[in-house]
Amino acid sequence: MEMNQPVGTTPLDARPDGLVGKPIDRYEGRLKVTGRAPYAYEVREPKDPAYGFILGAGIASGRIRAMQVGAARRAPGVLYVMTHETVPPQGEKKEQVSPQLQGTEIRHFDQPIAFVVAETFEQARAAAALITVQYDTATPKASLRDALPETFKPKPAQTDPDSALGDFEGAFAAAPVKLDVEYTTPPQIHAQMEPHATIAEWRGDRLVLHTANQMLNRGQKSIAAVLAVPEDKVRLVSRYIGGGFGSKLQPQPEAILAALAARVVNRPVKVAMTRQQEFHVATHRTGTIQRVRLGADETGRLTAIAHESWSDATPGDQFFETSANVTRSLYAAPNRITRHRIANLNVPVTSAMRAPGEAVGQLAFECAMDELAERLNLDPIELRVRNEPEQDPEKQVPFTVRQLVPCMREGARLFGWEKRRAAGTRREGRWMVGLGMSAAARLNPLMPSSALVRLNPDGTLTVRMAMTDIGTGTYTILAQIAGEMMGLPVEKIRVEIGDTAYPAAAGSGGSWGAGSAGSALYVACDNLRQALLQKAGMNPEGAAFREGRAASGNRSETLADLAGPDGLEAKGEIKPGRLKEAFSHYSFGAHFAEVGVDRDTGEIRLRRMLGVFTGGRILNAKTARSQAIGGMTFGVGAALMEDAVMDPRSGTFMNRDLAEYHVPVHADIPAIDAVFLPELDDKANPLKSKGLGELGICGAGAALANAIHNATGLRIRDYPMTLDKVL
Ligand code: MOS
């Protein structure tokens, strides 16, 4: 099915009390916390693996002059030492997956320069430490601020880096009320629990990779390109994943190195990155510098909006943080520009992380809106309401459904927004207390996906697709969708995902996972329903599937009988069609935060937080809420803690472990809640659902920043907002 027009009534509309939406516990959650869900590194097959260890460069810029690997080769248990001099031939870079150990040039610190394979992990690591290297060291470029004069416009990726409408400069110059502010956000690390890990095994000319990966079909393509082997010879398996947050959207160097080495040693090779390597060998989110200019008339109507963003990428890369993309769709104004520029720096590879674009873009833009509201002496919600667009202000197409204003109004009511006082005026003992809010918006893409369903002779249903579950609940919601479509309880649905041997699917990323994979499954089940009715000669008009039976007119049959001794299969496919061109498609929400700031120490404490969201049909009330509060917690981290500290002299992140790179813990999040307003988005997909995965982080940190201002009267424009910046 192709999404070109609104979906009419669907079988899911028939039962508002059905399986879809129920707060069912995550199927894989119990397996994970009891150690029964094998992660990539823990898979028992293939047998008798050797262990790999990555050696990274000790400099951030320059060349390898010489390497001495003799001692490593002779070390106990060592099977193979691979360097730029001995690495097998490779193919081409694909997206951000690069051939490894190519030449002597060093572009960033800890860039892999050798891969040691041994009988045990300890032997491989010990041997790697015996390798000595001489470098011709160059001075690294690692400061985005210093590199601003040499930033350039990156190649368009999914979107053009620039947009313009009307005459921004003229309208801004003429605006009676103006704001021109600069916000900065630091580099951030995904900090997912499960490190990157791969077991690579060659079976003849076929490669099997058990690997931690969010998007298996995309990974299959890039691995095939980098190794220069046919795509259909590469299989990726990733049944259980301990978080991704974007770092597993693409295969990372350990997967390529393991695949290359396994072919040479003719044995399976397994490798996991150390936590320190997660900071330098794996990808991270770039820091940004963002300038926001807003012009408004005295009534608070925006006449001019400009949002510019600068970020960095490793030499040779053009990935950019799309900070200003969402600004193109947020608020009405006739004159507007957005612009993205990058500098190539000697920093580790930058890539997508937790709502790439929106997350840091709204950290800047939604604070700027708060600043403008204050200049206009307007309530920040009222400012946003006055600039609510009737259609997408740049694309000039309708929104699928946009309930930003209802989210803000309901949030204000539930949170007690009327208790907000003028900035710096509310005290409780030693605490300065403030309230802040922010809008939330996250793109809701639909990605091509396909699914296979098989009704078995015993009346159970098997679902197969190359989808992944990164801890978001995919297994569970797929079972709910199939169960409701077929009239079966979830216990009768077997969901088999995480393997490119199954029909291709979107994978987990960009908040598209549930909607895209779920829609393909919906179509497959719809096709299976039709096939079953046809096989039985039953009238499809008014047919219903309930309690293990199909009923139509005066006939009712069990699914087991209809399946017959051979069972029955059906496939389904979803394609976005012209959805992207015809509509502006976002999920929306509003965040509310209350903070206390200690007037003597500057300590900032979140006191309570609420998000009100719309995500179309909610597929599972529990996993949806968990996604939302998880995203909001990321937002708290972005506002108050997360900061990968780059030493610009060495091009090295200085705080490369989870003791020094701070993310919020339970004690940091005292009271948090998320609620969803009723919505069905009949233009988004046949489920009428929208993406939620990354909506919770979008704008969340800005709500805290605005609350900090309301508490203290200070405008801090440099994230994270640590106590030294308050004092
Ligand atoms: Mo997300 S950054 O697309 O996993």
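The values are calculated or read from the model by the stated rules, or taken from the named source; none is laboratory data. Treat the numbers as computed from the prediction; the structure is a model and nothing was measured. For neighbour counting, all protein chains shown are included, and Cβ atoms are generated from backbone atoms with ideal geometry for every residue, glycine included.
Among the numbered conditions (1) out of contact with any Gly (no Cβ under 9 Å at 6 or more places or on another chain); (2) surrounded by 14 or more Cβ atoms within 10 Å (Cβ to Cβ), the only one that Met3 does not meet is (1). Taken together, the residues in the range 214-271 that are among the small types (Gly, Ala, Ser) and either within 15 Å of the ligand (Cβ to nearest atom) or not in a helix (DSSP H, G or I) (or both) amount to 8.
Of Glu679, Glu694, Glu660, all but one fail to be among the acidic types (Asp, Glu) and without any contact (Cβ under 8 Å) to a residue 60 or more places away in the chain; the exception is Glu660.
Scanning the range 475-506 for residues that are touching a helix residue (DSSP H, G or I) at 6+ places or on another chain (Cβ under 6 Å) and either within 16 Å of the ligand (Cβ to nearest atom) or of a type in the set (Ser, Thr, Tyr) (or both) gives Tyr475, Thr476, Thr500, Ala505, Ala506.
For the range 684-691, state whether one or more residues are in a loop (DSSP other than H, G, I, E, B) and within 16 Å of the ligand (Cβ to nearest atom).
yes
Among the residues that make up the range 45-63, is at least one of them in contact (Cβ under 8 Å) with a residue 60 or more places away in the chain, in contact with a Ser or Thr (Cβ under 6 Å, 6 or more places away or on another chain) and in the same structural domain as Ile493 (by TED's automatic domain parsing)? Scanning the range 45-63, I find no residue that is in contact (Cβ under 8 Å) with a residue 60 or more places away in the chain, in contact with a Ser or Thr (Cβ under 6 Å, 6 or more places away or on another chain) and in the same structural domain as Ile493 (by TED's automatic domain parsing), so the answer is no.
Could you pull out the residue among Gly651, Gly631, Gly635 that is touching a residue at least 12 places away in the same chain (Cβ under 8 Å) and on the phi > 0 side of the Ramachandran plot?
Only one candidate qualifies: Gly651.
Cβ-Cβ contacts under 9 Å between residues 6 or more apart (or on different chains), taken from a first residue in the range 506-523 that is at positive phi and among the hydroxyl-bearing types (Ser, Thr, Tyr) to a second residue that is assigned to a loop (DSSP other than H, G, I, E, B) and within 12 Å of the ligand (Cβ to nearest atom), are listed as Ser511/Ala355; Ser511/Pro445; Ser511/Gly691; Ser511/Gly693; Ser511/Glu694.
So is Ala639 touching a Leu at 6+ places or on another chain (Cβ under 9 Å) and at pLDDT 95 or above or not? Spell out how you get there, then give the answer.
On the way: touching a Leu at 6+ places or on another chain (Cβ under 9 Å): yes; at pLDDT 95 or above: yes.
Taking the combined requirement at face value, the residue satisfies it.
Are any of the residues in the range 564-579 free of Cβ contacts under 8 Å to residues at least 24 places away in the same chain and aliphatic (A, V, I, L, M)? No: the range 564-579 contains no residue that is free of Cβ contacts under 8 Å to residues at least 24 places away in the same chain and aliphatic (A, V, I, L, M).
On inspection, Thr303 passes the criterion of being part of a strand (DSSP E or B), of a type in the set (Ser, Thr, Tyr) and at pLDDT 95 or above.
Sort out which residues of the range 66-115 are among the β-branched types (Val, Ile, Thr) and in contact with a Lys or Arg (Cβ under 8 Å, 6 or more places away or on another chain), and write them in order of number.
Within the range 66-115, Val81, Thr104, Ile106 meet the criteria.
The single residue among Gly295, Gly300 that is at positive phi and either among the aliphatic types (A, V, I, L, M) or more than 21 Å from the chain's Cα centre (by Cα) (or both) turns out to be Gly300.
None of Thr184, Thr198 is surrounded by fewer than 20 Cβ atoms within 10 Å (Cβ to Cβ), touching a strand residue (DSSP E or B) at 6+ places or on another chain (Cβ under 7 Å) and part of a strand (DSSP E or B) except Thr184.
Restricting Leu533, Leu521, Leu528 to residues that are more than 36 Å from the chain's Cα centre (by Cα) and either part of a helix (DSSP H, G or I) or in the same structural domain as Cys698 (by TED's automatic domain parsing) (or both) narrows the list to Leu533.
The lone criterion from (1) within 16 Å of the ligand (Cβ to nearest atom); (2) within 23 Å of Asp566 (Cβ to Cβ) left unmet by Val523 is number (1).
Scanning the range 703-722 for residues that are assigned to a loop (DSSP other than H, G, I, E, B) and either surrounded by fewer than 24 Cβ atoms within 10 Å (Cβ to Cβ) or aliphatic (A, V, I, L, M) (or both) turns up Gly713, Leu714, Arg715, Ile716, Arg717, Pro720, Met721, Thr722.
If you scan the range 546-593, which residues turn out to be assigned to a loop (DSSP other than H, G, I, E, B), within 36 Å of the chain's Cα centre (by Cα) and either surrounded by 17 or more Cβ atoms within 10 Å (Cβ to Cβ) or small (Gly, Ala, Ser) (or both)?
Pro576, Gly577, Phe583, His585
Is it fair to say Asp643 is in contact (Cβ under 8 Å) with a residue 12 or more places away in the chain, in the same structural domain as Met437 (by TED's automatic domain parsing), touching a strand residue (DSSP E or B) at 6+ places or on another chain (Cβ under 6 Å) and in a loop (DSSP other than H, G, I, E, B)? No: the conditions fail for Asp643. Of the residues Asp167, Asp146, Asp160, the single one that is outside the structural domain of Glu366 (by TED's automatic domain parsing), among the charged types (D, E, K, R) and within 22 Å of Gln362 (Cα to Cα) is Asp160.
Of these, Gly434, Gly459, which one is in contact (Cβ under 8 Å) with a residue 12 or more places away in the chain and assigned to a strand (DSSP E or B)? Explain how you work it out, then say what you get.
Details: Gly459 fails: assigned to a strand (DSSP E or B).
Exactly one of Gly434, Gly459 is in contact (Cβ under 8 Å) with a residue 12 or more places away in the chain and assigned to a strand (DSSP E or B), namely Gly434.
Within the range 203-220, the set of residues being surrounded by fewer than 18 Cβ atoms within 10 Å (Cβ to Cβ) and either in contact (Cβ under 8 Å) with a residue 12 or more places away in the chain or aromatic (Phe, Trp, Tyr) (or both) comprises Asp205, Arg206.
Residues that are of a type in the set (D, E, K, R) and surrounded by 24 or more Cβ atoms within 10 Å (Cβ to Cβ) within the range 233-277 comprise Lys248, Glu254, Lys270, listed in sequence order.
Does Ala517 satisfy the condition of being within 16 Å of the ligand (Cβ to nearest atom), within 26 Å of Leu692 (Cα to Cα) and at pLDDT 95 or above? Spelling it out, Ala517 is indeed within 16 Å of the ligand (Cβ to nearest atom), within 26 Å of Leu692 (Cα to Cα) and at pLDDT 95 or above. Does the range 362-372 contain any residue that is within 16 Å of the ligand (Cβ to nearest atom) and under 22 Å from Asn710 (Cα atoms)? The answer is yes; a qualifying residue exists.
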